[in-house]
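Asks: The structure that follows is given in the form of structure tokens.
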Amino acid sequence: MNRPNVILLLADDLGYGDLSCYGGVGVETPNIDALLEHGVQFCDGYSTSAVCTPARYSILTGEYPFRNPNTRILPGNAPCIIEKEKGTLPKIFKKAGYRTAVVGKWHLGLGNNDLDWNKEISHTPNDVGFDYSYIFPATNDRVPCVYLKNRLVENLDATDPIEVSYEKECPFDDIVTSKKNPELLRMLHSHGHDNSIVNGVGRIGFMRGGKKAVWRDEDLAERFLEEAKGFIGEEKEKPFFLYYALHQPHVPRVPNERFVGVSGLGPRGDVIAEMDYCVGELMAYLKQENLLENTIVIFSSDNGPVLDDGYMDDAVRQNRMAFHHPAGPLRGGKYSRFEGGARVPMIVSWKSHIAPSKSHALVSQVDFAASFAKMLHVDLEDWAVDSQDMLDVLLGKTVKGRTEIFAESEDKGYFLRQGKWTYLPASDGPEYELYTNTELGNSRDPQLYNMEYDVGQRENVAQIHPDVTEKMEQRIKEIEKSSKTR
Ligand code: NG6
Ligand code: CA
């Protein structure tokens, strides 16, 4: 059996226009671009959601987020939303004899409503298919700001136990918060992020204790890179699957000191440069270990970009001045139903196996499960109901992709793409998310756009093509009602 290693690199909030190989103005991502020397660049690759938790749920389970009502942006103390019995992407690899690991951002919940950060945690990535996990629990702007290694928070100290709360009012009177101690902030928030202060940055949620366990934001990138390399280097006999969930360029954007100012685009550009460096280091390590020709490397992002996601880090001004549009030509961004929300960079690279090409095939991250099941001859049973085998598409052997893409916005508005058409059903949701200044894609009128000449979704042609509109409307209803099992 052909059993190459697989590494899935997933950036956090990186837009369609944020890489130089996707035409990003003013950014340089040489290491990610270099994946294309042996890679397919997907121009029509999608996540299933414009926000993190639902998109990651789909990657790991092969299901659209709507099938699980808990797929929303989770607080840092939420229970794990992937049941232990559920079929998952890492379990597919395990069935084929792989070692599996996740390193980086998790954000799919932990524990089972029994979470005590000071003890072994009952439900972690290790319970849904990963042999090894080294993660942070939710996002880098949510407490607890600690590393979790398998079931235990790293550097626990019994004399300084960790407590976490997501109540509205702070239940701990002896901790520093943005409201009480604004003088301790080194980065000001623009919206939200006014609870605990950790490392001079206001966060979402309150955290007490764990002083020895708290991360230093500047070290996150290097820590995860070391863990990724450590896992790869550990046992050479078995093939491996590594899900490396990069935390950049999600807020708060705090690059390592070495990357401060390198991009000319402010902290957001600097952490993208830092992320690119991590990819370069990882590839250099694969080369050094003689693993390049036996390792498929996928690079993508969980959802589209945002400039002001709650901190005054000057991203809006600096990117505008440099004419850098994180979503490239697409409309909307993170949170949105427009293309900028879920159409993301996607590269599949495999030295000596893939000839460089650009693909306009429709493909979704939800397809990774069925595609690798195909590669490894693993029977999916009734798992991964929305996942389609796109192995040959991913490996650049054909450009015949999906017939449709189905994805959602933060407020659970759907859109459907079929061939050249993208359809957004009528909605009475707000047009704008005012804090982040995002066009959400909601309109009282149904919207239909022709992707052949209008990726920027400027000309609504729903009224000119009522037949297409009607059919796509029906299809969305059909998907919503479709069976939960294969
Ligand atoms: C939002 C946060 C945002 C970010 C997002 C999750 C506020 C005001 N905004 O609620 O900063 O954390 O959640 O991002 O708190 S995601 O990439 O994990 O989906
Ligand atoms: Ca994200």
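The values are calculated or read from the model by the stated rules, or taken from the named source; none is laboratory data. Treat the numbers as computed from the prediction; the structure is a model and nothing was measured. As a convention, Cβ positions derive from the backbone with ideal geometry for all residues, glycine included, and neighbour counts pool all protein chains shown.
Asks: Just to be sure, is His123 surrounded by fewer than 24 Cβ atoms within 10 Å (Cβ to Cβ) and either in contact with a helix residue (DSSP H, G or I) (Cβ under 6 Å, 6 or more places away or on another chain) or more than 30 Å from His191 (Cα to Cα) (or both)? Lay out the reasoning, then the answer.
Replies: Numbers: surrounded by fewer than 24 Cβ atoms within 10 Å (Cβ to Cβ): yes; either in contact with a helix residue (DSSP H, G or I) (Cβ under 6 Å, 6 or more places away or on another chain) or more than 30 Å from His191 (Cα to Cα) (or both): yes.
For His123, the condition - surrounded by fewer than 24 Cβ atoms within 10 Å (Cβ to Cβ) and either in contact with a helix residue (DSSP H, G or I) (Cβ under 6 Å, 6 or more places away or on another chain) or more than 30 Å from His191 (Cα to Cα) (or both) - is met.
Asks: Between Lys180, Lys212, Lys238, which is more than 16 Å from ligand 2 (Cβ to nearest atom), without any contact (Cβ under 8 Å) to a residue 40 or more places away in the chain and in a loop (DSSP other than H, G, I, E, B)?
Replies: Lys180
Asks: A further question follows. Suppose we filter region 343-359 for residues that are surrounded by 19 or more Cβ atoms within 10 Å (Cβ to Cβ) and in a loop (DSSP other than H, G, I, E, B); how many remain?
Replies: Within region 343-359, residues that are surrounded by 19 or more Cβ atoms within 10 Å (Cβ to Cβ) and in a loop (DSSP other than H, G, I, E, B) number 5.
Asks: Right, next: Residue by residue through region 360-371, note down the ones that are part of a loop (DSSP other than H, G, I, E, B) and buried (at least 23 other Cβ atoms within 10 Å of the Cβ).
Replies: The one that is part of a loop (DSSP other than H, G, I, E, B) and buried (at least 23 other Cβ atoms within 10 Å of the Cβ): Leu362.
Asks: To continue, here is another question. Residues that are within 15 Å of ligand 1 (Cβ to nearest atom), modelled with pLDDT of 95 or more, in the same structural domain as Tyr22 (by TED's automatic domain parsing) and in contact with a helix residue (DSSP H, G or I) (Cβ under 9 Å, 6 or more places away or on another chain): does region 81-88 have at least one?
Replies: Scanning region 81-88, I find at least one residue that is within 15 Å of ligand 1 (Cβ to nearest atom), modelled with pLDDT of 95 or more, in the same structural domain as Tyr22 (by TED's automatic domain parsing) and in contact with a helix residue (DSSP H, G or I) (Cβ under 9 Å, 6 or more places away or on another chain), so the answer is yes.
Asks: How many of the residues in region 246-278 are crowded, with 23+ Cβ neighbours inside 10 Å and of a type in the set (Gly, Ala, Ser)?
Replies: 3
Asks: Can you pull out the residues in region 407-429 that are outside any strand (DSSP E or B) and within 15 Å of ligand 1 (Cβ to nearest atom)?
Replies: First, pick out the residues of region 407-429 that are outside any strand (DSSP E or B): 409-413, 419-420, 425-429.
Answer for region 407-429, where residues must be outside any strand (DSSP E or B) and within 15 Å of ligand 1 (Cβ to nearest atom): Ser409, Glu410, Asp411, Lys412.
Asks: Let me ask something else. Would you say Phe299 is more than 16 Å from ligand 1 (Cβ to nearest atom), crowded, with 24+ Cβ neighbours inside 10 Å and among the aromatic types (Phe, Trp, Tyr)?
Replies: yes
Asks: Also, quick follow-up: Would you be able to say whether some residue in region 435-445 is more than 16 Å from ligand 1 (Cβ to nearest atom), in contact with a helix residue (DSSP H, G or I) (Cβ under 9 Å, 6 or more places away or on another chain), within 21 Å of Lys334 (Cα to Cα) and acidic (Asp, Glu)? It would help to see each step written out before you state the result.
Replies: Our first condition is that a residue be more than 16 Å from ligand 1 (Cβ to nearest atom); within region 435-445, this holds for 439, 441-445.
Okay, now just the ones that are also in contact with a helix residue (DSSP H, G or I) (Cβ under 9 Å, 6 or more places away or on another chain), so 439, 441.
Imposing the further condition that a residue be within 21 Å of Lys334 (Cα to Cα) reduces the set to 439, 441.
Among the residues that remain, those that are also acidic (Asp, Glu) are: 439.
For region 435-445, residues more than 16 Å from ligand 1 (Cβ to nearest atom), in contact with a helix residue (DSSP H, G or I) (Cβ under 9 Å, 6 or more places away or on another chain), within 21 Å of Lys334 (Cα to Cα) and acidic (Asp, Glu): present.
Asks: Related question: Name the pairs: first residue in region 98-127 and within 16 Å of ligand 2 (Cβ to nearest atom), second residue of a type in the set (D, E, K, R), Cβ to Cβ under 7 Å, at least 6 apart or on different chains?
Replies: Between residues of region 98-127 that are within 16 Å of ligand 2 (Cβ to nearest atom) and residues that are of a type in the set (D, E, K, R), the close pairs are Lys105/Asp12; His107/Arg56; Leu108/Arg56.
Asks: Also, I was wondering about something else. Out of curiosity, is Ser133 of a type in the set (Ser, Thr, Tyr), crowded, with 22+ Cβ neighbours inside 10 Å and either in a loop (DSSP other than H, G, I, E, B) or within 16 Å of ligand 2 (Cβ to nearest atom) (or both)?
Replies: Answer is no for this residue.
Asks: Here is a list: Asn126, Asn155, Asn118. Which entry is on the phi > 0 side of the Ramachandran plot and away from ligand 1 (no atom under 16 Å from the Cβ)?
Replies: On inspection, the qualifying residue turns out to be Asn155.
Asks: If you don't mind, there's one more thing I want to ask. Can you find a residue in region 281-295 that is in contact with a Leu (Cβ under 8 Å, 6 or more places away or on another chain), part of a loop (DSSP other than H, G, I, E, B) and more than 18 Å from Glu439 (Cα to Cα)?
Replies: No, there is no match, as no residue in region 281-295 is in contact with a Leu (Cβ under 8 Å, 6 or more places away or on another chain), part of a loop (DSSP other than H, G, I, E, B) and more than 18 Å from Glu439 (Cα to Cα).
Asks: Oh, and also: State which residue is farthest from Asp386 (Cα to Cα) when the search covers only region 404-436 and only residues that are in contact with an Asp or Glu (Cβ under 8 Å, 6 or more places away or on another chain) and among the basic types (Lys, Arg).
Replies: Looking at the filtered set, the residue picked out is Lys420.
Asks: Considering Ile73, Ile32, Ile59, which residue is within 16 Å of ligand 2 (Cβ to nearest atom) and in contact with a Cys (Cβ under 9 Å, 6 or more places away or on another chain)?
Replies: Ile73
Asks: Identify, by number, the condition in (1) free of Cβ contacts under 8 Å to residues at least 24 places away in the same chain; (2) more than 16 Å from ligand 1 (Cβ to nearest atom); (3) of a type in the set (Val, Ile, Thr) that Ile197 doesn't meet.
Replies: Among (1) free of Cβ contacts under 8 Å to residues at least 24 places away in the same chain; (2) more than 16 Å from ligand 1 (Cβ to nearest atom); (3) of a type in the set (Val, Ile, Thr), Ile197 violates only (2).
Asks: Report every pair of residues separated by at least 6 positions or lying on different chains whose Cβ atoms are under 6 Å apart, first residue within region 264-289 and at positive phi, second surrounded by 24 or more Cβ atoms within 10 Å (Cβ to Cβ).
Replies: Gly266/Ala315
Asks: Only one of these conditions is not met by Gly340: (1) more than 22 Å from Asp33 (Cβ to Cβ); (2) part of a helix (DSSP H, G or I). Which number is it?
Replies: (1)
Asks: Test Asp157 against the criterion of being away from ligand 2 (no atom under 16 Å from the Cβ) and at pLDDT below 95, and give yes or no.
Replies: Considered against the rule, which asks whether it is away from ligand 2 (no atom under 16 Å from the Cβ) and at pLDDT below 95, Asp157 comes out as no.
Asks: Of these, Gly341, Gly269, which one is among the small types (Gly, Ala, Ser) and away from ligand 1 (no atom under 16 Å from the Cβ)?
Replies: On the way: Gly341 fails: away from ligand 1 (no atom under 16 Å from the Cβ).
The unique qualifying residue is Gly269.
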